[in-house]
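The values are calculated or read from the model by the stated rules, or taken from the named source; none is laboratory data. Small disclaimer: the values here were computed from a predicted structure and weren't measured. With ideal geometry, Cβ positions are generated from the backbone for all residues, glycine too; neighbour counts draw on all protein chains shown.
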Amino acid sequence: MLWNEHIHTITCLFLTMPGIVGNVLIFGKYVYDVLVVTEKKPLDLILVHLAFSNIVIICSIVVSDAAIKLYFKIFLGDVGCKVVVFLGRMARGLSICTTCLLSMVQAVTVNPRITLWRKLKPQTAGQVLPYLLLFWLLNSLVSSNLLFYITAISTVNRSGVDRYAGYCNMLPSRLTVRWLFLSLMALRDVVFQSLMGWSSASMALHLYQHHKRVSYLHSSKYVKNSSPEIRATLSTLILMTCFLVFYWVDFIFSFYTGSTLTQDSIILIIKSFLNFGYAVFSPFVLITRDIARYWSAH
């Protein structure tokens with residue numbers, strides 16, 4: 001058991017550092033664009049919010065997880081556990097919603113003929129704020145049960161709780177309450193992932209049609225001029241694919257481990273990687289795109 005905790009600790013620390021650094025770079029870069037650049041794009045504020053959500057996810061895992069409970073348990077307490085786990089769950093929901101919004105906006109940007117969403121597309125950074133406020137309200141509601149049922153392990157008998165994440169644990173709740181919030185989470189995930197899948201398919205189809213239209217051209221200048229749009233669309237498609245892969249692999253893996261009650265060191269490493277996966281990987285997709293954009297401009 002001690003060896004498993006050491007493995008888990010090393011894995012968490014190995015993933016935490018690049019994840020925090022990558023998201024802070026993205027957060028700082030696009031905050032600068034929103035505050036300083038004259039032309040404020042809706043995508044800039046969306047990416048700021050996505051990076052912020054990723055930072056909260058990573059920090060909540062690190063603080064509440066068993067890997068470093070010995071260092072933080074004297075500071076957390078009962079209230080601290082409720083806040084940390086609540087923020088972590090809410091940030092995961094915000095990540096789903098924000099990634100979906102990013103996908104929808106990018107889909108309409110590259111294919112304006114999508115008339116249904118074009119009427120709702122934010123045209124300025126300020127018009128993004130109502131969507132983000134709606135996401136916060138929605139995910140606060142979906143995660144509100146954690147404020148009542150999460151507790152620190154030192155305040156209760158360990159056998160009387162369901163293990164949530166290391167030092168912080170979840171008290172048993174009534175079946176109706178449990179199924180209500182599970183249903184709300186499932187409904188949120190199905191709706192936003194369906195929109196994500198539809199917009200990703202639309203972008204992929206548009207890129208394919210675009211490739212067919214210009215395949216007969218041999219002008220490098222034309223291809224170069226169209227490359228920023230293509231790079232932005234491809235990076236968004238990569239983000240969508242990564243999110244869906246990490247989400248569903250984590251879901252299947254969690255269902256399997258929950259059914260078999262298997263907890264060896266390999267499984268702990270895989271579970272840690274899946275928990276951190278999208279939050280760690282997504283900023284580097286955006287950093288790679290920005291580097292490619294910089295080099296093409298110079």
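Listed values, structure above:
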{"read-out": "Scope the range 31-61; condition part of a helix (DSSP H, G or I) and more than 17 Å from the chain's Cα centre (by Cα); matching residues", "value": "V31, Y32, D33, V34, L35, V36, P42"}
{"read-out": "Within the range 23-46, considering residues that are acidic (D, E) and touching an Asp or Glu at 6+ places or on another chain (Cβ under 6 Å), the one farthest from A91 (Cα to Cα)", "value": "D33"}
{"read-out": "Some residue of the range 60-78 being modelled with pLDDT of 85 or more, surrounded by 21 or more Cβ atoms within 10 Å (Cβ to Cβ) and under 23 Å from L137 (Cβ atoms)", "value": "yes"}
{"read-out": "Residue match in the range 137-154 (condition: surrounded by 13 or more Cβ atoms within 10 Å (Cβ to Cβ), modelled with pLDDT of 75 or more, outside any helix (DSSP H, G or I) and β-branched (V, I, T))", "value": "yes"}
{"read-out": "Residue list for the range 25-54, filter: in contact (Cβ under 8 Å) with a residue 60 or more places away in the chain and either surrounded by fewer than 23 Cβ atoms within 10 Å (Cβ to Cβ) or of a type in the set (V, I, T) (or both)", "value": "L25, I26, K29, V34, K40, K41, P42, L43, D44, I46"}
{"read-out": "Hey, G22 surrounded by 18 or more Cβ atoms within 10 Å (Cβ to Cβ), out of contact with any Lys or Arg (no Cβ under 9 Å at 6 or more places or on another chain) and not β-branched (V, I, T) or not", "value": "yes"}
{"read-out": "The range 200-243, residues that are polar (S, T, N, Q) and either at pLDDT below 75 or not in a helix (DSSP H, G or I) (or both)", "value": "S215, S219, S220, N225, S226, S227"}
